[in-house]
1. Assuming ASN172 fulfils every condition listed in (1) touching an Asp or Glu at 6+ places or on another chain (Cβ under 6 Å); (2) buried (at least 23 other Cβ atoms within 10 Å of the Cβ); (3) among the polar types (S, T, N, Q) apart from one, which condition is it?
2. Could you check segment 94-123 and list, in sequence order, the residues that are free of Cβ contacts under 8 Å to residues at least 40 places away in the same chain and of a type in the set (Asp, Glu)?
3. Kindly list the number of the only condition in (1) within 28 Å of ASN170 (Cβ to Cβ); (2) within 17 Å of the chain's Cα centre (by Cα); (3) at pLDDT below 95; (4) surrounded by fewer than 16 Cβ atoms within 10 Å (Cβ to Cβ) that fails for GLY60.
4. Of everything in segment 35-68, what is over 12 Å from GLN90 (Cβ atoms) and touching a helix residue (DSSP H, G or I) at 6+ places or on another chain (Cβ under 9 Å)? Give them in sequence order.
5. Take the residues of segment 136-153 that are within 18 Å of the chain's Cα centre (by Cα) and more than 13 Å from PRO195 (Cα to Cα): which is surrounded by the fewest Cβ atoms within 10 Å (Cβ to Cβ)?
6. Restricting to strands (runs of 3 or more DSSP E) lying wholly in segment 125-172: which have 2 or more residues that are among the hydrophobic types (A, V, I, L, M, F, W, C)?
7. Could you pull out every one of the helices (runs of 4 or more DSSP H) wholly within segment 1-105 that has 3 or more residues that are closer than 27 Å to ALA210 by Cα and touching a Pro at 6+ places or on another chain (Cβ under 8 Å)?
8. Hey, could you check segment 176-222 for residues that are touching a residue at least 60 places away in the same chain (Cβ under 8 Å), part of a helix (DSSP H, G or I) and charged (D, E, K, R) and say which is surrounded by the most Cβ atoms within 10 Å (Cβ to Cβ)?
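The values are calculated or read from the model by the stated rules, or taken from the named source; none is laboratory data. Everything numeric here is computed off the predicted structure, so don't read it as measured data. Note that we place each Cβ from the backbone using ideal geometry, even for glycine, and neighbour counts take in every protein chain shown.
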Amino acid sequence: MHAAVVVFPGSNCDRDLAVAFQAVGAKVTMVWHKDSTLPGDVDIVGIPGGFSFGDYLRCGAIAANSPICRSVADHAERGGYVLGVCNGFQVLTETGLLPGVLLRNAQLKYICQTVGLKVETSQSVFTEGYNAGDVIDIPIAHHDGNYFADEATIAQLQDEDRIAFSYMDNPNGARADIAGILSENRRVLGMMPHPERAADAAHGGTDGQALFRALAGALVTA
């Protein structure tokens, strides 16, 4: 599996995401936001957490217009895999690869804590290492993680089994307790919690490991 991790000015979880990919045997290439192309043999693109471009305008809005994001969109449109975590989820909504938007947390405060997530579906390469209904502990660290979409979009996500994770105890006001969603072809996942921060026992938890192991297993044999 070859993973490309995109780096923007203000990314601060790019190395964490790279290490999580490497831990399951992936080759990792770090790609600067001003690059216009991805590696030709890339299997999955990782868009990491952080504060791209200082979160000016809307979170992820400037990053979504970086040269590399055109190639990320092309990769996704060809059926390639993309994982966006925290700020990466915000970037994916700003590019239109995922529906909805991430608003300011309902309490208007930055939240950094470990939360319980319910795995809503195991029917994706990202979540097939879990069982639907599993509850896992994954850290969050965000100020704008309040997922919002109109009622029709929420209903469509529910009807199409595209809600990947939901919060057990909603920390930010997200509609339908949504913590992560899948694209229509189920090959793009955006999630606010950080599985790469729960992928090593030294981090205090390993509930995120199954996501990266499942990706490696699926994409190595694809």
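1. Failing condition for ASN172: (1).
2. Within segment 94-123, GLU94 is the sole residue that qualifies.
3. (4)
4. Just the residues of segment 35-68 that are over 12 Å from GLN90 (Cβ atoms), to begin with: 35-46, 54, 56, 65-68.
If the condition is that a residue be over 12 Å from GLN90 (Cβ atoms) and touching a helix residue (DSSP H, G or I) at 6+ places or on another chain (Cβ under 9 Å), then ASP35, SER36, THR37, LEU38, VAL42, ASP43, ILE44, VAL45, GLY46, ASN65, SER66 are the ones that fit.
5. Let us first name the residues in segment 136-153 that are within 18 Å of the chain's Cα centre (by Cα), namely 136-149.
Among the residues that remain, those that are also more than 13 Å from PRO195 (Cα to Cα) are: 142-149.
Numbers: HIS142: 24, HIS143: 17, ASP144: 21, GLY145: 29, ASN146: 22, TYR147: 32, PHE148: 15, ALA149: 20.
Only one residue tops the list, namely PHE148.
6. Answer list for segment 125-172: 135-142, 163-167.
7. 14-23, 87-95
8. GLU196
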